[in-house]
């Protein structure tokens, strides 16, 4: 298994949608679907990286930095590739780019199920609530 971390490419969309659906991270296609992926890839504030095995996307990470706050919005790795350090490599690559852009800290939105993973990567829980308005 030779997995390479690289910027998102439009050809990754179908594979990434499959991964997001498999990992139950595809609740909002208008936010996470192929059209959204293309918008994110064009956004100067965004960092959108793909883990690819022989050019096939097997994972991704999306983050942003607005000049004050950096946030990891999405991390997803195909189940067959989990527990091989790919998620950690994606996080490290995103943090490296966020730091290069001047981010002083990085936040991540987590679920109860994923909290332990982020703890292992050195993230600390802070009091916060995520609220979502789905119709704007």
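Summary table
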read-out	value
Which listed residue is touching a strand residue (DSSP E or B) at 6+ places or on another chain (Cβ under 8 Å) and over 21 Å from residue 128 (Cβ atoms), from 70, 103, 57	57
In the range 106-120, the residues that are in contact with a strand residue (DSSP E or B) (Cβ under 9 Å, 6 or more places away or on another chain) and either farther than 14 Å from residue 71 by Cα or touching a residue at least 60 places away in the same chain (Cβ under 8 Å) (or both)	114, 117
Residue check for residue 38: surrounded by 12 or more Cβ atoms within 10 Å (Cβ to Cβ), within 18 Å of residue 26 (Cα to Cα) and out of contact with any strand residue (DSSP E or B) (no Cβ under 9 Å at 6 or more places or on another chain)	yes
Subset of the range 50-103 (residues that are part of a loop (DSSP other than H, G, I, E, B) and touching a helix residue (DSSP H, G or I) at 6+ places or on another chain (Cβ under 9 Å))	55, 78, 103
Inter-residue pairs, beta-carbon under 6 Å, first within 17 Å of residue 103 (Cα to Cα) and in the range 34-46, second surrounded by 13 or more Cβ atoms within 10 Å (Cβ to Cβ), 6+ apart	45/64; 46/40; 46/64
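Only the coordinates and a few stated rules stand behind these numbers; no lab work does. Predicted, not measured: the structure shown is a model, and the values here were computed from it. Backbone-built Cβ (ideal geometry, glycine too); neighbour counts: all protein chains shown.
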